[in-house]
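Structure, as structure tokens:
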Amino acid sequence: MVAVPKQVAGNSMLGNSSILGDVKCNSYLLFHGETALGNGLRGFLYFLGLAYCFIGLSAITARFFRSMENIVKHSRTVVEVDPHTNTEIIKQEKVWNYATADITLLAFGTSFPQISLATIDAIRNIGNLYAGGLGPGTLLGSAAFDLFPIHAVCVVVPKAGELKKISDIGVWLVELFWSFWAYAWLYIILEVWTPKVVTIWEALLTVLMYGLLLIHAYAQDKRWPYISLPLTRGERPEDWVPAEVASVSCEDDIYGGYTEILAVEEDKNEEIVDILSFHSEKQEHSIYRKVPAAEDSVESSNRPFQKEINLEDLHVLQLWKKQFMDALTLEKPESRKLNNAHLRVARILWQSLLAPWRLLFAFVPPYQIAHGWIAFICSLLFISGIAYIVTELTDIISCVTGINAYVIAFTALAAGTSWPDLVASKIAAERQLTADSAIANITCSNSVNIYVGIGIPWLINTAYNFITYGEPLRIENAEGLGFTLMVFFSTSVGCISVLVVRRLILGAELGGPRFWAWVTSVFFMLLWLIFVVLSSLRVSGVI
């Protein structure tokens, strides 16, 4: 008995039933009673739910980054023999290479919300001869958001007059080449090689190209002969990230007499964290540190004192307990010191809004366990769960409002799922002495979006169709995606050209005189608006 493939009528991205005018949408999220509400009210409520999911995504991403930071800080003992004296030299060496860490953990981690969303969309679409468009639309929109708005933020983040340039221009050129090739390759698949069709071999090649990117970037970083570009690396500071004043909290009742030292100053709700402190080449050979203890507003004697702490003595269960206590705390001690009552109320309301997410994510094990790998994996699972809810909400919003789901993907989904990229690049532009990781995160995330974010979902669908039906995967709106790729490619050339001009004239890609930094930022935002408007009009059939 031969299975009959399911066909998708009309626009496959609309999920259930598209509406025009007053036609009722019968899709719902939780209860069938939702369909009794008016379309306008439903659309408003679903958009609020989508925004709340993005808030949760930001909260879990903070824990994800913490675990990732703990992974990349892991080092190993290396024994070398001095050829002249034959003496053994013991030193600590980081397990993760700079370029590899940027492309894998940093770029892949910040792109995981989009990758997860696209993969879930592909799994839901198994059995259809036509590919779902929610994932590709979100990834293309995310690429534009990464390249334009995030560059716009990073260029004005450094202090006035401060210049930050790319140190290893060779690695950046390799990453830039593979980023541009990713979108050129996608256009070849959709419009040239097998128009409007994706075969299993094309999908497989797309995924394998991510491995080629890793190998090429690593070869350039190590300056392998015959493979790397003959470009000298700029001077790297000893401390890739300059040291900052530690934020210390004395909580002897929780930590059994020891004070926890945090690597950086965290946001009060732990939503923004420094994920890039692993770029410091300076190794800590001792687990003991002397840190000034925080003064208590009641019992302080106004005299600085020091405590010797042992990070390994912090018990896992105590740390886990603190996560739940923090999640249930609506007002921090810092907020009580504020004289502005309105600001205090606003903070309490914000903490109340975050409380359900923080309580849920408190179940993620502390990142101190197993070098952060357990928290890393658990965070990915939560991100996948939120991505699933986002895909369901997007389908219903498209059904209720009649807005083409590609337009939603280009705008709301792309911006919401790209928030981790924005946070990561902003922190890098603020704290790092060079622009390498800030810009590498942008270019590498765009490569990951195509090679992994589109490659894996297409590989899932093409493999199923090839085995079950002997058919390839068809792309229903290939012309629209092809047009979007052309617009993105054209505007991205303008973005990169401005970065090159800034390096030639100002001597750096980021920072510089405040006036020119803001001019550059505005120009990047205009490029993003051009991309969004033209792409939305094309997929909607207006142009």
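General remarks:
- In terms of accessible area, using a 1.4 Å probe and ignoring ligands and nucleic acids, E191, E509 rank largest first as E191, E509.
- Tensor-based shape of region 98-153 (alpha-carbon gyration tensor, a/c under 1.5 rounded, otherwise prolate or oblate): oblate
- Global form of region 387-482, assessed from the alpha-carbon gyration tensor, a/c cut-off 1.5: oblate
- Accessible surface of E88 - all protein chains present, 1.4 Å probe, nearest 10 Å²: 130 Å²
- When the surface is traced with a 1.4 Å probe over the full set of protein chains, Y187 keeps roughly 70 Å² accessible.
- Cα gyration tensor category, rounded, prolate or oblate, for region 66-175 with a/c compared to 1.5: oblate
- Whole-Å distance, taken between Cα centres, linking region 140-160 and region 359-407: 23 Å
- Average Cα contact separation per residue, region 457-543, under 8 Å, 6 or more apart, as relative contact order %: 33 percent
- Taken per residue, the accessible surface of region 108-162 reaches 20 Å², heavy atoms only and a 1.4 Å probe.
- Greater than 32 Å apart at Cα, pairs in K73/K164; K165/K222; K91/K322: K91/K322
The values are calculated or read from the model by the stated rules, or taken from the named source; none is laboratory data. Everything numeric here is computed off the predicted structure, so don't read it as measured data. With ligands, DNA and RNA removed, areas are computed over all heavy atoms of the protein, side chains included. Shrake-Rupley method; radii C 1.70, N 1.55, O 1.52, S 1.80 Å.
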